[in-house]
Amino acid sequence: MSLDNRQKITVEEDSVKGLINKYIKYISRTKAEDEVYKWKLIKEYAGRPNTYANDFAKEVKEVKFENLIWGVAGSALNTLAQNRPEKLRFLFQNLFDESIDLTERVIAFSEGTLNLYHEFDVTKKSFQGEREMSVYLTYHNPEKYTFYKSSYYVKYCKLIGVKPAKTNEKYAHYLTLIDELIEKYIKNNTELIELVKSIIPEYYAGSNHKVLAQDILYQTLDNNKDIVSFEVIKDKFDDDVFNTYIKYLRNIVSRLNIGQNDDRVVFSVRTDRLSFTVGQRYCLNIFLNNPKGIYGVISKDKLLENSETYDGAQPVPYYSYFDDFNPSQKDLESIISAVKNELDHTTKSSFKKYNDESFENYVYQGISTIRSLDNMNYPLNTIFYGPPGTGKTYNTILRAAEIIENRRIDSFSKALEIYKENLHEQIEFITFHQNYSYEDFIQGLRPDTENDSNLTFERKDGIFKEIADKALKNINDSERSPIAKKSFEVAFNEYVSPLIEGDVEEIEVQMKRVSYYITAVTNKSIQFRKDSGGTAHTLSISTLKKMYEAESVLDIQGLSSYYKPLLRVLLSIGKDSSGKKQIVQKKNYVLIIDEINRANISRVFGELITLIEPDKRSHGAFPLKAKLPSGELFIIPSNLYIIGTMNTADKSIALLDIALRRRFDFEAMYPKYDIPNQEIYDVDILKKLNEKIIESKGHDFQIGHSYFMDKDMDLLQRMNKKVIPLLLEYFMNDEKEVRAILQSAGLIIEKGSWPIRIIGKNE
């Protein structure tokens, strides 16, 4: 062996032994509190996801990966499981097939999940990289695999003097290095093994060193603990404002899917500033869009163990905060307003280089980025379908709340609260029926009931166009930051109040050469007289409102010369004279269409059935505008979600308009017999009833579980008042068929009764 090789081996040994000694000191101090969750997860989910599970989508959803994979990767995986469960099952089976070379499996899974995602959304990525696959393989077989991250793999390669492998080959190379690390430096290190055994005896027996080897590399090479200091002077803030701001910062970090005991995120409040730590500083980068020179860095261990000060501030103990603070949009706006109003008075603030507008922009960019990490990735057009009582409407409320908040919501009561708060603002609900029409849904003409002299008609927007216009305005305003202005109602009332209150008899509106005079204002119209006389002239308030919001007379013909000067006056009242920009956060909007199959879809949607496709929307690849019968151009915004419900007992999916089927994602909802934290009564009866119904009439006519969830009804009540009438309707009062179904479930039928009644069940 040459001298150079001997020197290289000595350097490697010293370096690796140094890592292990550092890890021994670290784990002796921390007792593995921040990393024990890895061992817990492996123990809880060993062998999963089970590729032979009956419901693979449910199987994937139940397996928790915590922060071991990216939040976006987890969301993408669940989306694939919900939309393509069987194809995803095949990809996992291939990934776990030990007869195939590991690198080939990695490439196949990466490419396969990406192609699978593109079957229903070509704009999204699957984010299934080697890190994610290492987690799936480790869960499935922890004896052979362990967790992996490219960052500490590359650092370890550099440390021991080897060249990192190429993408998709890194994990296989990493496992080889892990095996060498175990063989040379871990399996005979009694001090290390006994220490770890004493700390986590329930998870580590001293024989399987895979996760331990990974943890050594992670803790010593990748787990940098940098302090990021916000130079906010506490004394300059009102206590309530400051505490609210702290909570807001905590919420940002908590949205990154980082566990409560994760040592990467710790807050501390100094006497003169708010500080927190975060791995790789990316929380700060997200929050302030990575402005240069805003943070200083110091070793956390140095700060904790030494008495040295940092920027003149005495170190204080760290306190972890992960409050259940989940501010609404209104809360966020209040916090931002309160904080930025204090910035002018905070002379020593690191934020002083940003004016109000740029600071607010940074905050919203941070919110947008963070929310995208936890994005639900729901389809824009979805229909929940299934038999009655399977939770379709229930799930529309939950789904709508999650879309509005752009986060997972586990509590239905919380979802219902969000739903009610946003109803008629960001959420609209409509039930289709046989007489529902295009004019009701999009736009039509309605009689003007306020005009007593002549029968006139006014253009009336339907519920779909109203919420679409609202969503489009939001998404456009979020991109262009319009000048702040008062609401139309405030500006208009301010303008006409002298007339309404009787201070003047009429209001003069100056045109180019002449004037006209407003003589009265009703709920819907503005009455005016021309300078030459005559008072039988009106302007629509709703039309004027649209002009005010668009800051344009739009395509109005004939009366535009009267609208234009009035619009100019209202804008001068409503718009901020200083030209201050209004920062608008992009929001999601939801239209729920209950019983979507009850109406004539072609008639209701008309030409807009094409425009609801994601790529035809305002921010899609091929945005399309349609000209409505009124002549108005209309486009569907990309932040408007449509959720429909469809009762399969009324109509099969196969009977739906093919244009509708092609443009919606369908999510099946059939009876459940086990719901976490909820009780289904007489579940054995429900199962037997449905088994017989499937046999005689098919899956779409089953009895939903919700009929068996009312705790205030006993078996006789729910059967006689709810279920039996439904069965008689299904089977067109065929007494023989219904009796056979009831008897198959072990129910005792009252002799000679009509309608059929039960009096008990066989024990």
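Scanning segment 482-507 for residues that are among the hydrophobic types (A, V, I, L, M, F, W, C) and within 17 Å of N523 (Cα to Cα) yields a total of 7.
Filtering Y548, Y516 for residues that are at negative phi, of a type outside the set (S, T, N, Q), buried (at least 17 other Cβ atoms within 10 Å of the Cβ) and in contact with a strand residue (DSSP E or B) (Cβ under 6 Å, 6 or more places away or on another chain) leaves a single hit, Y516. Reported count of residues in segment 125-166, each being among the charged types (D, E, K, R) and surrounded by fewer than 17 Cβ atoms within 10 Å (Cβ to Cβ), is 7.
S525 meets the stated requirement of being surrounded by 13 or more Cβ atoms within 10 Å (Cβ to Cβ) and modelled with pLDDT of 85 or more. Could you check, for segment 618-631, whether at least one of its residues is open to solvent by less than 30 Å² (accessible area, probe 1.4 Å) and charged (D, E, K, R)? There is no residue in segment 618-631 that is open to solvent by less than 30 Å² (accessible area, probe 1.4 Å) and charged (D, E, K, R).
Residue count for segment 155-194, restricted to those that are basic (K, R) and over 42 Å from the mean Cα position of the chain (by Cα): 2.
What pairs can you find where one residue is in segment 463-488 and open to solvent by 20 Å² or more (accessible area, probe 1.4 Å) and at pLDDT 90 or above, the other is of a type in the set (D, E) and not in a loop (DSSP other than H, G, I, E, B), and their Cβ atoms are less than 6 Å apart, with a gap of 6+ or different chains? Every condition considered, the pairs that remain are I463/E428. Number of residues in segment 588-611 that are under 22 Å from L423 (Cβ atoms) and among the β-branched types (V, I, T): the value is 5. Yes or no: segment 622-629 includes at least one residue that is of a type outside the set (A, V, I, L, M), modelled with pLDDT of 85 or more and within 15 Å of P379 (Cα to Cα). Checked against the condition, which is being of a type outside the set (A, V, I, L, M), modelled with pLDDT of 85 or more and within 15 Å of P379 (Cα to Cα), segment 622-629 yields no hits at all. Is at least one residue of segment 498-510 open to solvent by less than 80 Å² (accessible area, probe 1.4 Å), at pLDDT 85 or above and assigned to a helix (DSSP H, G or I)? Yes; the residues of segment 498-510 include at least one that is open to solvent by less than 80 Å² (accessible area, probe 1.4 Å), at pLDDT 85 or above and assigned to a helix (DSSP H, G or I).
Residue-by-condition table, conditions (1) open to solvent by 50 Å² or more (accessible area, probe 1.4 Å); (2) at pLDDT below 90; (3) part of a loop (DSSP other than H, G, I, E, B); (4) at positive phi:
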residue: T396; (1), (2), (3), (4): no, no, no, no
residue: A400; (1), (2), (3), (4): no, no, no, no
residue: I418; (1), (2), (3), (4): no, no, no, no
residue: E425; (1), (2), (3), (4): yes, no, yes, no
residue: T449; (1), (2), (3), (4): yes, yes, yes, no
residue: N454; (1), (2), (3), (4): yes, yes, yes, no
residue: E458; (1), (2), (3), (4): no, yes, no, no
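Hey, among the residues in segment 186-211 that are assigned to a helix (DSSP H, G or I), in contact with a helix residue (DSSP H, G or I) (Cβ under 8 Å, 6 or more places away or on another chain) and more than 20 Å from P142 (Cβ to Cβ), which one's least open to solvent (accessible area, probe 1.4 Å)? Before you say what the answer is, go through the steps one by one.
Restricting attention to segment 186-211, the residues satisfying the condition of being assigned to a helix (DSSP H, G or I) are 186, 190-199, 210-211.
Subset that is in contact with a helix residue (DSSP H, G or I) (Cβ under 8 Å, 6 or more places away or on another chain): 186, 191-193, 195-196, 199, 210-211.
Among the residues that remain, those that are also more than 20 Å from P142 (Cβ to Cβ) are: 191, 195.
Details: E191: 119, L195: 37 Å².
Only one residue tops the list, namely L195.
Scanning segment 136-157 for residues that are part of a loop (DSSP other than H, G, I, E, B) and polar (S, T, N, Q) yields N141, T146. Checked across segment 355-368, the condition of being charged (D, E, K, R), surrounded by fewer than 15 Cβ atoms within 10 Å (Cβ to Cβ) and modelled with pLDDT under 50 holds for at least one residue.
Of the helices (runs of 4 or more DSSP H) lying entirely inside segment 29-135, those carrying at least 1 residues that are within 30 Å of G620 (Cα to Cα) are 56-62, 71-83, 85-95, 102-118. The single condition among (1) surrounded by 14 or more Cβ atoms within 10 Å (Cβ to Cβ); (2) within 21 Å of A649 (Cβ to Cβ) that L715 does not meet is (2). Among the candidates I703, I635, I685, I693, the residue that is in contact with a Lys or Arg (Cβ under 6 Å, 6 or more places away or on another chain) and of a type outside the set (G, A, S) is uniquely I635.
Contact map, segment 746-763: residues that are among the hydrophobic types (A, V, I, L, M, F, W, C) paired with residues that are open to solvent by 80 Å² or more (accessible area, probe 1.4 Å), Cβ distance under 8 Å, separation 6+ or inter-chain. Pairs shown: L747/N762; I748/I759; I748/N762; I749/Q743; I749/R757; I749/I759. Scanning segment 724-741 for residues that are of a type outside the set (D, E), surrounded by 15 or more Cβ atoms within 10 Å (Cβ to Cβ), closer than 18 Å to Y673 by Cα and modelled with pLDDT of 90 or more turns up nothing.
Picking from A668, A649, which residue would you name as being surrounded by fewer than 14 Cβ atoms within 10 Å (Cβ to Cβ), within 18 Å of K392 (Cα to Cα) and in contact (Cβ under 8 Å) with a residue 60 or more places away in the chain?
Among A668, A649, only A668 is surrounded by fewer than 14 Cβ atoms within 10 Å (Cβ to Cβ), within 18 Å of K392 (Cα to Cα) and in contact (Cβ under 8 Å) with a residue 60 or more places away in the chain.
If you check N720, N762 for being at pLDDT below 90 and either touching a strand residue (DSSP E or B) at 6+ places or on another chain (Cβ under 7 Å) or closer than 20 Å to P387 by Cα (or both), only one passes: N762.
The values are calculated or read from the model by the stated rules, or taken from the named source; none is laboratory data. Just so it is clear, the structure is predicted and the values come from calculations on it, not from any experiment. Glycine also receives a Cβ, built like all others from the backbone with ideal geometry; neighbour counts cover every protein chain displayed. These area figures cover heavy atoms from the full protein model, side chains too; ligands, DNA and RNA do not enter into them. Shrake-Rupley method; radii C 1.70, N 1.55, O 1.52, S 1.80 Å.
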